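Heads up: the structure comes next, in structure tokens.
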DNA sequence: GATGAATGAGGGTTCATTCAT
DNA sequence: TATGAATGAACCCTCATTCAT
């Protein structure tokens with residue numbers, strides 16, 4: 001009998017090699033050959049575990065999305081107070097272990113690819129929507145629904161901007177200042193909301 | 001008898017064909033051949049006007065950056081009051097003629113490329129820096145320097161987020177709601193600044 | 001504890017899977033992997049029972065030739081009269097169970113391969129020669145040797161033509177009309193031979 | 001301006017290189033690379049003149065069919081008497097310049113391919129049908145229609161058999177004996193037809 | 001005996017680039 | 001100035017074959 005149970009191991013190896021390869025030279029140089037080499041395997045093996053190169057890219061994007069989501073979910077689960085949970089979403093989004101150069105580079109590359117690959121677009125849409133509904137859900141517990149919707153949109157957009165800057169900054173991500181900016185925005189919005197209601 | 005003055009015309013044609021090609025199929029399908037065809041020219045022509053494909057891409061990114069900058073500068077020049085000029089920067093950034101699907105797709109593709117092409121990185125860095133200094137310069141005329149710095153960073157980040165969402169949204173850019181979000185942020189920040197100073 | 005007596009069973013399984021695979025997609029798509037799958041076995045198994053793919057192909061062609069020959073021999077053995085035995089050769093050659101789409105497709109594929117594979121050429125040569133000597137042997141009992149030689153050649157060629165048409169016809173083999181054509185040829189030749197001798 | 005009018009020249013070169021490559025090593029070794037090399041060109045050029053390798057193969061089969069047909073048509077055109085024209089068809093079919101080892105090997109390879117490539121099947125069907133209608137047309141001028149149909153079928157089949165033997169014979173085609181066999185068949189059939197009518 | 005993981009050569013194809021015209 | 005023929009490297013992918021289990 002051959003080595004059994006290699007599939008999940010190899011798939012994960014190849015996905016991680018893909019992310020690393022993208023970070024090193026961009027999507028254009030993340031060739032099947034180089035990904036295989038980086039995983040310590042031969043080029044041909046990729047088609048043993050993935051139907052296509054496209055399938056590998058899709059699995060990679062899905063893994064990125066899933067890891068990212070998990071990082072947030074775990075933090076949120078530790079809190080109970082609405083505001084603390086809201087903060088956990090932001091902190092999870094901007095946590096240094098989420099914004100690694102590799103992750104951020106790969107995700108940016110996929111974002112550009114999304115326009116021409118509908119299957120990737122779906123993955124991206126799902127994750128954006130989930131972030132929005134997370135934010136909105138927690139906000140609704142502290143502000144009226146209409147405002148929650150608006151604040152969630154603004155905050156989500158700001159987080160996207162922070163992420164984009166992390167991705168394209170030559171010095172890499174700066175979690176501390178990102179953190180400050182996001183919380184400042186949240187506080188401003190909440191303060192105004194309170195004022196409105198007091199009047 | 002060589003036709004005189006063709007160079008700038010051809011260069012512009014090719015740059016525009018490049019942008020269009022990127023929008024249609026992503027950077028991966030923006031081949032020299034397709035770009036030439038789209039410009040109504042032969043594949044070989046590119047190397048008459050550009051040293052190689054990278055040079056064409058660089059020129060394209062530079063053109064995008066320059067057009068973008070011009071769109072803002074023109075609006076700002078029409079205003080004199082600091083707040084109006086600030087608004088003009090935001091409006092220029094988010095103006096529908098700036099956020100065309102073509103422009104936005106091309107710029108996103110270049111953003112992903114930037115990590116592996118230092119020459120493109122420089123172009124991007126310049127434009128980000130200019131936006132920041134524009135915002136800061138106008139803000140300094142209405143709020144103290146320290147606050148101006150922070151507000152400029154926040155506003156710049158939010159604009160980036162709005163742009164990114166425009167670039168990756170399946171329904172395309174939504175200038176109206178982007179506009180509202182940006183101005184709301186600006187007003188909140190300015191209001192707080194005023195409050196601080198009144199105390 | 002090795003299973004005993006598996007070898008002939010497995011070899012036959014693989015040979016039949018090869019024939020089926022060739023019929024389905026031509027020789028080009030009859031890969032080791034697909035043949036194994038069709039036999040309900042793994043891709044690697046082929047090299048347990050055959051030295052390499054060429055050996056499997058050779059065994060397959062040999063099996064086809066042998067089955068084909070057996071089909072004729074059995075029919076001939078049932079007859080004693082020279083003419084009846086001659087008819088049995090023809091009938092055996094054109095019998096529906098010989099001209100199955102699978103058989104015919106595989107044999108045609110091998111015929112094309114023969115030019116570049118000397119070992120296959122030998123197998124083919126043997127079977128053609130045997131058919132010829134079968135026909136000639138029976139003919140010699142009813143016509144003079146010189147005529148037997150010529151008629152055997154003509155009849156053999158006609159049978160080849162019938163077989164080729166069966167192999168390449170889009171509607172598949174038509175044994176009935178093939179049968180008629182072959183016997184008509186034989187009768188014409190025998191009639192002339194009789195006439196010659198009467199003079 | 002580049003070299004003009006190369007297309008028909010190159011296409012013919014590549015088609016002939018394809019035929020030669022098939023003869024040398026069979027279809028399996030007639031790779032794009034080897035075909036290109038044999039034509040004194042680079043591998044990439046094939047896709048300049050043909051969409052696909054399949055398109056090249058199709059063009060090659062079409063060229064073989066067309067050359068073959070032309071060889072017959074020219075001979076027939078020189079004759080006026082029905083029997084002479086009939087003889088010209090046979091002679092054209094079996095002419096040494098038609099039955100070259102290259103031609104015959106390539107056509108056999110295509111015949112095997114036909115089962116899995118519908119587009120090639122069409123080409124083959126057309127040429128078989130044309131031969132049949134040629135034979136029938138001339139025969140109708142010397143024998144009744146019903147007999148013409150049958151004789152044409154028999155003669156066509158015999159010619160196919162002769163061709164197949166030429167293709168698979170280790171010593172190559174033997175036009176002289178092929179010629180004799182075919183004319184003998186024709187004469188036998190015509191003689192019988194005459195006898196029938198005299199009765 | 002049998003598996004399927006793994007290899008690496010070679011397949012068809014695409015593409016940036018060069019060059020004669 | 002502009003063409004498109006031509007190149008050759010590199011891409012993704014398939015495949016016969018090997019091998020640890």
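No lab work stands behind these numbers, since they all come straight from the coordinates. Since this is a predicted model, take the numbers as computed values, not measurements. Cβ atoms come from the backbone with ideal geometry, glycine included; neighbour counts cover every protein chain shown.
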Exercise for review: Run through the other copies and list how far each one's label point is from that of residue A:78, in nm with one decimal, shortest first; the point sits 7 Å from Cα along Cα-Cβ.
Suggested key: 5.2, 8.7, 9.7
Practice item. First measure r as the distance between the Cβ atoms of residue B:29 and residue A:47, then evaluate 1/(1 + (r/R0)^6) with R0 = 22 Å and state the FRET efficiency to the nearest 0.05. Key: 0.45
**Study point:** Cα centroid of segment B:97-156 to Cα centroid of segment D:106-185, whole Å
**Key:** 76
Check your understanding: Using the Cα atoms of the protein assembly as shown to build a convex hull, what is its mean projected area in square nanometres?
Key -> 51.6
Review point. So what is log10(I(q)/I(0)) for segment B:53-198 at q = 0.18, 0.19 1/Å, when the Debye sum runs over its Cα atoms only?
Key: -1.07, -1.16
Review point. In a GNM of chain B with a 10 Å cut-off on Cα contacts, which of B:116, B:133, B:42 has the highest mean-square fluctuation?
Key: B:116
**Study point:** Relative contact order (%) - chain B, alpha-carbon pairs under 8 angstrom, separation at least six
**Key:** 19
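Give the average, rounded to an integer, of partner chain Cβ atoms located within 10 angstrom of each Cβ in C:164-176.
Across C:164-176, the average partner-chain Cβ count within 10 Å equals 3.
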Check your understanding: With springs only between Cα atoms under 10 Å, which of A:60, A:157, A:171 fluctuates most in a Gaussian network model of chain A?
Key -> A:171
Study note, to complete from the structure: PRE zone check, label point 7 Å out along Cα-to-Cβ of residue A:119, amide N under 19 Å, scope segment A:30-46, hits A:30-33, A:35-36, A:44-46
Study note, to complete from the structure: Inter-copy distances for residue A:198, nm, shortest first, label points 7 Å along Cα→Cβ, are 1.2, 13.0, 13.2
Point to revise | MRE, 222 nm, helices only [DSSP H, n ≥ 4, -39500 (n - 2.57), over the protein assembly as shown, to nearest 500] | key: -26000 deg cm²/dmol
Exercise for review: Check the axis relating chain C to chain D and name the residue of C whose C-beta is nearest, distance in whole Å.
Suggested key: C:161, 1
Point to revise | Mean separation of Cα contacts under 8 Å (6+ apart) over length of segment D:80-198, as relative contact order % | key: 36
Review point. For the Cα atoms of chain A, what angle does the longest principal axis make with the long axis of helix A:118-139, in degrees from 0 to 90, nearest 10?
Key: 30
Exercise for review: Mind sorting B:162, A:70, D:159, B:41 by how few other Cβ atoms lie within 10 Å of their own Cβ, fewest first?
Suggested key: A:70, B:41, D:159, B:162
Review point. What are the label-to-label distances in nm, one decimal and shortest first, from residue A:97 to the same spot in the other copies, with labels 7 Å along Cα to Cβ?
Key: 5.0, 7.2, 8.2
Review point. Along the Cα-to-Cβ line of residue A:12, 7 Å from the Cα, sits a label point; which residues in segment A:66-86 have backbone N less than 17 Å from it?
Key: A:66-71
Study note, to complete from the structure: For chain D, longest principal axis from Cα atoms; helix D:145-168 axis from its Cα atoms; angle between them, nearest 10 degrees, is 40
**Study point:** Cα-based helix-to-principal-axis angle, C:82-94 vs chain C, degrees rounded to 10
**Key:** 40
